[in-house]
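Data block below; observations after.
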Amino acid sequence: MLKNQAYLLYLIASVISSIGTGMHFIAITWLILEMTDSTTKVGITLAISFLPLMFLASFGGIIADRYDRRIVMVVFNLFRFLSISLVPVVYWVGDLSIFFIYFMQFLNSIGTSFYMPANSAFIREIIHDDQMYRANATTQVWIQLGKLSGAGLGGVFIAWFGSINVVFMNAITFLVAAMLIFFARKGYVSPQSEKGPKRKFWVNLKEGTSLLFKQKGLFFYVFLTLLPSFFVHIYNLGVGVFVKVELNEGADALGIIDGAYAVGALVLGLFISKQADWLKNKKIIPMVVMMMGLPFLMFSLSSSVAAAAISVFLLGAAFQVAFTMFNTLIQITPPKEFVGRISGFAKSLQSLLAFAGLLYFGGWLEESSVRTLLLGIFLLLVCIGVFVWGKDLLLVRKFRDTEKKSA
């Protein structure tokens, strides 16, 4: 797979930009704290990043299905490079305010809204469907390593060079990624199978939405992608509270527990990148859903850092399986010319659900126990898994009954 030059350049670009993303979170957080000493403003900055994704990712999917996905990725990587670069430029001029950082975060998220659907569709163009599970797992492993490296380097680089310079370093990673993607393939490749004038945007949107409900299983697969996407945000919201309130520990314990999640995701990602055929069996979907729930139960019962770290290690492993399986299903199920729209629609739903969930549960945790929340997530995921298993069982029985009547 790594002999595929297009995929290799795509992978290197993804890793470089993920290193920048890892540095960006730490650098922008530290910069805001240096400027305002306000955690509320940090939270506002993070929340702003969801807004464009909620409303623009579906339109990004239309763009990805109308124009060469490689060019779309290059253009919006350059857009993100320019939008992030504005912050250090304005800082060096001497007129940086918190509102300008909000503006940058909003612009950066607009770029992400158009980049992500094209990214999901592009990998389907350069990788055969039989290798998609392995390719996605391999990509996710290296992206995780990139984010971890970026987070670690970000802290060191802030101490050495200052937070504003680290923000600029992140911008540079998007420029480098754009150059690598540009050389991943030659020529202009249109994702549209039909020649002639392009249809209007609303027609493309209607076609994509219609396919969601017409193609067997597609809407269900989009729903499945919501589960790991939503609950990983809820985990991130609650883990700090759990460590501080329930375990009565400090930042060092939080680092150990959060690190265990990354290690679990990496271990399973490496395994899937070598042995991915078992993920092609759709009968294991109920088990994968319930498998995401079990670590939440273990986490809710943890009374020590070690026990919490073990449960979060398993959580990272379970989520890696779910992310790889469910995201691959929405990439390989629709026709290639629809992948951008389906991925964009899924990203919009994921962002909307995450934004609403973070707002609601952020307030909910101020009055209720995080252990109760974790236990509730376990019960919900088990119920969903049982429902999916029961639905599949009914379909199998219905199929057998139809065969008997035909015989």
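Taking a ≥ b ≥ c as the square roots of the eigenvalues of the alpha-carbon gyration tensor, the range 1-67 is classed oblate because a/c is 1.5 or more while a/b is no larger than b/c. For a 31 Å ceiling on Cα separation, which of these pairs sit above it: 216/274; 214/280; 147/216; 3/200; 200/347? Long pairs (Cα-Cα over 31 Å): 147/216; 3/200. Put the Cα centre of the range 143-157 next to the Cα centre of the range 98-127 and the gap is 20 Å. Between 171, 45, 90, the Cα set farthest toward the positive side of the dipole of the range 7-181 (charges on each charged residue's Cβ, about the Cα centre) is that of 171. Mind jotting down the distance between the C-alpha centroids of the range 323-343 and the range 234-274, whole Å? Cα centres, the range 234-274 to the range 323-343: 28 Å. Which of the three applies to the range 7-181, rounded, prolate or oblate, going by the alpha-carbon gyration tensor with a ≥ b ≥ c and a/c under 1.5 meaning rounded? It is prolate, given that a/c is not under 1.5 and a/b is the larger ratio. Our estimate of slack between residue 103 and residue 236, defined as 0.36 nm per intervening residue step minus the Cα-Cα distance, is 45.4 nm. At an R0 of 22 angstrom, the distance between the Cβ atoms of residue 186 and residue 3 translates into a FRET efficiency of 0.80.
Let me know the shape class of the chain, please: from the alpha-carbon gyration tensor, a ≥ b ≥ c as square roots of the eigenvalues, rounded when a/c is under 1.5, otherwise prolate if a/b is greater than b/c, or oblate. Because a/c hits 1.5 or more and a/b fails to exceed b/c, the chain counts as oblate.
Since every read-out is calculated from the coordinates, none of them should be taken as a lab result. Since the structure is predicted, the reported quantities are computational estimates derived from the model, not experimental observations. Neighbour counts are summed over all protein chains in view; Cβ atoms, including those assigned to glycine, are modelled from backbone coordinates with ideal geometry.
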